[in-house]
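A short worksheet on the structure shown next.
Values in this text are rule-based calculations from the coordinates and carry no lab data. Every value quoted in this text rests on a predicted model; they were computed, and no experiment measured them. Here the Cβ positions follow ideal geometry from the backbone for every residue, glycine too, while neighbour counts run over all protein chains shown.
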Amino acid sequence: MKRSKYFPLLALAAAFNTSCIEMAHASTFPGAAGTIAPFSNKGHVYVATSFGVASTKMPTSPDFKAGESSNSLASSLSLGYTQQYNQSWDILGELSYNYFGSSSSSNTSKTSTTSIDLAEIGSYHLNNRWSIMGKGGMALLKANLQSNTKPSQKNEAIKPLVGIGALYRFNSQTSLQATYTHYFGDTHYSNGTSTVPVVSSFLLGLQYTFS
């Protein structure tokens, strides 16, 4: 029987296809040995630290007219607990401390803002490395106002937060994460109430999960 002239091409295509399948199986969700991690009810504690920028918009007031906003360096330190819900989803609870830097107004008033967050996070695995996240929770926002026209003032209030993010796994314990979080502060100053700024942060950092 005469061998087809296309036989070498078909053999090469078959070998390439086999290699792709093997690579796909090898690149599933990484466990200790790079294979798919079996479903487990066991939860894990993790820590994370992140750095980035925060946009702070002050409530409209005599010190911050027309809701002046400014950008500054920000940082975050988090402690959390992650629980695998199924092969695709993880549920996380997270407590974090955030520093959003200082913002200044045109009349030299200055405010430094921090928060303590308590959030619940849902994480969906796109593939073996990448996950996308959504979160919601509450934050204790604290604003320290220093003004040339009045004594220093410390305000704090509990406000809702929402956020989205993405996570890339280097291995089963170490991950790189990027998050965007919005804090629903006050848009207008009100006498007799504790007003805090509206804050949006974008942070990039590392997460370590304890086995």
Inset, instruction - For every other residue with a beta carbon closer than 10 angstrom to the beta carbon of residue 123, add +1 if it is Lys or Arg and -1 if Asp or Glu, then tell me the sum. - result: 0
Inset, instruction - Determine the alpha carbon to alpha carbon distance for each of 57/110; 57/135; 57/159 and list only those over 18 Å. - result: 57/135
